[in-house]
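Notes for the one structure printed next.
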Amino acid sequence: MKVLVIGGGGREHALVAKLAASPRAEQVICAPGNKGMKEAALAEVKAGDIQGLLDLALKEKVDLTIVGPEDPLCQGIVDLFREKGLKIFGPGREGAVLEGSKVAAKEFMARHHIPTSGFVVFDDPDKAKLHLAVYPGPCVVKADGLAAGKGVFVCDNAEEAARAVDTIMTDQAFGQAGDKILIEERLMGEEASFIVVTDGKNVLPFPSSQDHKAVFDGDKGPNTGGMGAYSPAPVLDRAMTERVMSEVIAPTLAGLKAEGWDYHGFIYAGLMITPQGPQVLEYNCRLGDPEAQPLLMRLKSDLVEIVEAALEERLDQVKPVWEDRASACVVMAAGGYPGAYEKGMIITGLDEAEQTGAKVFHAGTAIEGGQTVTAGGRVLGVCALGRGIEEAVAAAYRGVDKISWEGAYHRTDIGRKALSRPQVGIVMGSDSDWPTMKLCAEKLKALGINFEVRVMSAHRTPEEAGRYAREAASRGIRVLIAAAGGAAHLAGALAGHSTLPIIGIPLTATALNGMDALLATVQMPPGVPVATVGLDKWGAVNAAVLAAQIIALLNPVVAEKMAAEKEQMKVKVAKGNQKVAAQVENL
């Protein structure tokens, strides 16, 4: 079949590359595409020219069209193509309003009880500022319409918010998109991207991912279209993913049906994972950019088959196969982006980057005089796979290091949140337990496992201990290690509130030399298991090792470190054997 991809950025290059690998796709056309897309024929029709795109599809006898960017969707390109009997993947104009108008999306969420922040809508800047004077706390100010991901201002106070109102409404930085604004409650937590395909009846979730919107390291500076992404996002573990599916995706699909909107395409829920659960920040009606790049690198199945199943409402029959490996994308941008930037800078090192094993997706490039040059703000997306996020990120940066042009810029901390996320929670009944638990912490650090340390008591602060245990998994904790002496109820108290593995460390805090704590730790009621690996100091060290072995089941990088440690232990034993043999020889 002949497939048309609409758009010209990194997302569309990733789509083109995946579609070109399908045995079903005899030819892939991209409109307008860019010169870096070697896998597709290019057609010089702008993505916003929906009549021109229709003419192209009819002329080329295109069998299937996939829409990359939001603008043609919001213009109604799907409705136009369907009227002519053409197969096109994406929502119609009615469904695309979820992205085309942030006000409409918020009202949709309110109607269908989808968790989101509180909001107020304004079409007058003076009234908006009056509201800020009354409610001066942290907030988010958003332009209502499409603004290429840049119309969102996260504000710490009323002064910042007032400046955002002026930028959007008075200065009209985003044109008519800012005729209306939303002022929203500012949610606290960690952002994540959750994308599904729907055929209007069924949904097929993609793996989780996380985007980096701010231009500078540490999430500083103005928002961009996205400076990098990785998949999976540890903040969306299995339990949280189930909550997203039931609390966000299911009611969204039910809402689309209730509204009578015919929706076949991607639903992208931009989420904030808060201590209370997932909250929807926004909807997109297409694959994210740059999330599409690392996600499609992980897709091993035929994308054409998934799209056709969605169009034919048989998505429940599709079981896609995904890479077990993680993936990462680092966006290389022109200096000055998202503000003013120069074009036409000569790019070097593209072939060398791909020789490292990275895949370079072109977003804003052109060919001048036989050389690849910059032609946009976000220029390239350098992607790589790895056995874990750490390895994938490192591989992507190896590719980035080979590429250069005058003024090139990229963030240096892509994936940092995932890499710095604590995987083990060390809980102590008293700060006096730290000399022992420091050994546990040192062992985890040596194995490259992030951890956090808390002091709380099963007796003195039972509510705090219970809340900590209940929320630990949603924050990415994989194992809890609890240390206590005497009655030693702490491990059991945590186990009663969590399904995570709990390792108890009995401490020698009384005249019974820890035997009372050991008995209290191992004698849990049925259904409340607690493991223990020894008393006091050696128990602390072995608890760290057992936690690492649990984490290693799903983390090949940790698994390698554990294997290396086993080998070191063998060497140590062998040396000890040689030493003893020498001493015996000298008797």
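The values are calculated or read from the model by the stated rules, or taken from the named source; none is laboratory data. None of the values given here were measured: they were computed from a predicted structure. Heads up, the Cβs are rebuilt from the backbone with ideal geometry, glycines too, and the neighbour counts pull from every protein chain shown. Surface areas here come from the heavy atoms of the whole protein model, side chains and all, with no ligands, DNA or RNA. Shrake-Rupley method; radii C 1.70, N 1.55, O 1.52, S 1.80 Å.
Which pairs, out of K46/K180; K46/K84; K417/K561; K102/K220; K102/K150, put more than 25 Å between their alpha-carbon atoms?
Details: K46/K180 27 Å; K46/K84 20 Å; K417/K561 21 Å; K102/K220 23 Å; K102/K150 13 Å.
Distance filter (> 25 Å) returns K46/K180.
Show me the GluC sites (Glu not before Pro) within the stretch 210-315 that DSSP assigns to loop and that have at most 16 other Cβ atoms within 10 Å of their Cβ.
Working: sites: E242, E247, E259, E282, E291, E305, E308, E312, E313; in loops: E291, E312, E313.
Those that pass, being in a loop and sparsely packed, are E312, E313.
In the chain, what % of DSSP beta bridges are antiparallel (nearest 5)? Working shown, then result.
Values: 61 of 94 bridges.
Around 65 percent of the beta bridges assigned by DSSP in the chain are antiparallel ones.
Which FRET efficiency, nearest 0.05, do E352 and D217 yield, Cβ-Cβ r, R0 25 Å?
Working: r = 25 Å, r/R0 = 0.99.
It comes to 0.50.
Given labels modelled 7 Å from the Cα in the Cβ direction, how far is it in nm from W322 to E159?
So the two model labels end up 4.4 nm from each other.
Measuring from centroid to centroid over Cα atoms, what is the spacing of the stretch 324-353 and the stretch 122-192 in Å?
A separation of 29 Å, based on Cα centres.
To the nearest 10 degrees, how steeply does helix 125-134 sit against the main Cα axis of the chain, on a 0 to 90 scale?
Value to nearest ten degrees: 20.
Using only Cα positions of the stretch 217-266, each an equal point scatterer, no hydration layer, compute I(q)/I(0) via Debye at q = 0.12, 0.26, 0.27 Å⁻¹ and quote the log10 values to two decimals.
Here log10 of I(q) over I(0) equals -0.49, -0.95, -0.97.
Testing the spin-label approximation: label points 7 Å from Cα along Cα→Cβ at Y135 and R93. State their distance in nm.
Distance between the two pseudo-spin positions: 3.3 nm.
In Å², what does the accessible area per residue of the stretch 408-510 work out to with a 1.4 Å probe? Mind showing how you got there, number by number?
Working: 4260 Å² over 103 residues.
Per residue, the stretch 408-510 has an accessible area of 41 Å².
Counting pairs of alpha carbon atoms under 8 Å apart in space and at least six apart in sequence, what relative contact order in percent does the stretch 390-509 give? Mind dumping the intermediate values first?
On the way: 161 pairs, mean separation 29.1, N = 120.
The normalised contact order for the stretch 390-509 reaches 24 percent.
With every protein chain present, what is the per residue accessible area of the stretch 26-97 (1.4 Å probe, Å²)? Could you put the intermediate results ahead of the total?
Numbers: 3260 Å² over 72 residues.
Value for the stretch 26-97: 45 Å² per residue.
Can you show me the helix-derived [θ] at 222 nm for the chain, built from DSSP H runs with n ≥ 4 at -39,500 (n - 2.57) apiece and divided by the number of residues, rounded to the nearest 500.
Details: 21 runs with 212 residues, N = 587.
Per the formula, -10500 deg cm²/dmol.
Return the FRET efficiency for the residue pair K35, S420: r is the Cβ-Cβ distance, R0 is 41 Å, and the value is rounded to the nearest 0.05.
Numbers: r = 38 Å, r/R0 = 0.93.
Efficiency for this residue pair is about 0.60.
State the extension gain, in nm to one decimal, for the chain segment bounded by A148 and A110, taking 0.36 nm per residue of separation less the distance between their alpha-carbons. Before the final figure, lay out each step's value.
On the way: separation 38, 0.36 × 38 = 13.68 nm, distance 2.44 nm.
That works out to 11.2 nm of additional length.
Using alpha-carbon pairs under 8 Å, 6+ residues apart, how would you state the relative contact order of the stretch 159-216 in percent? Each step should come with its number before you reach the end.
Working: 40 pairs, mean separation 11.8, N = 58.
Across the stretch 159-216, relative contact order equals 20 percent.
With r as the distance between the Cβ atoms of K566 and M188 and R0 = 35 Å, compute the FRET efficiency 1/(1 + (r/R0)^6) and round to 0.05.
Values: r = 42 Å, r/R0 = 1.19.
Efficiency, from the Cβ-Cβ distance: 0.25.
Going through the stretch 230-306, which trypsin sites (Lys or Arg not before Pro) have at most 15 other Cβ atoms within 10 Å and a DSSP loop state?
Numbers: sites: R238, R243, K257, R286, R298, K300; in loops: R286, K300.
Taking the stretch 230-306 and a limit of 15 other Cβ atoms within 10 Å, the loop trypsin sites (Lys or Arg not before Pro) found are K300.
I'd like the orientation of helix 250-259 relative to the chain: the angle between its Cα long axis and the longest Cα principal axis, in ° from 0 to 90, rounded to 10.
Once rounded, the angle reads 20 degrees.
Tell me, how many Å apart are the Cα centres for the stretch 236-259 and for the stretch 403-479?
Between the Cα centres of the stretch 236-259 and the stretch 403-479 lies a distance of 29 Å.
State, as an integer percentage, the relative contact order of the chain based on alpha-carbon contacts under 8 Å between residues 6 or more apart. Write down the numbers at each step before the final one.
Values: 1324 pairs, mean separation 62.4, N = 587.
Taking the mean separation of contacting Cα pairs over the length of the chain, I get 11 percent.
How about the stretch 459-538: which trypsin sites (Lys or Arg not before Pro) there lie in a loop by DSSP and see at most 14 other Cβ atoms within 10 Å? If you can, show how the numbers build up before the last one.
Details: sites: R460, R467, R470, R475, R478, K537; in loops: R460, R478.
Passing both the DSSP loop test and the Cβ count: R460.
What is the angle, in °, between the Cα long axis of helix 462-472 and the longest principal axis of the Cα atoms in the chain? Nearest 10 is fine, range 0 to 90.
50
What is the diffusion coefficient of the chain in µm²/s, taking the Kirkwood radius over Cα pairs and the Stokes-Einstein relation at 4 °C with a viscosity of 1.567 mPa s? Could you put the intermediate results ahead of the total?
Working: Rh = 26.2 Å.
Translational diffusion coefficient: 49 µm²/s.
Could you work out what % of the accessible surface of the chain is carbon and sulfur, using a 1.4 angstrom probe and leaving DNA, RNA and ligands out of the count? Can you show the working numbers first?
Numbers: 13400 of 25590 Å².
The computed percentage sits at 52.
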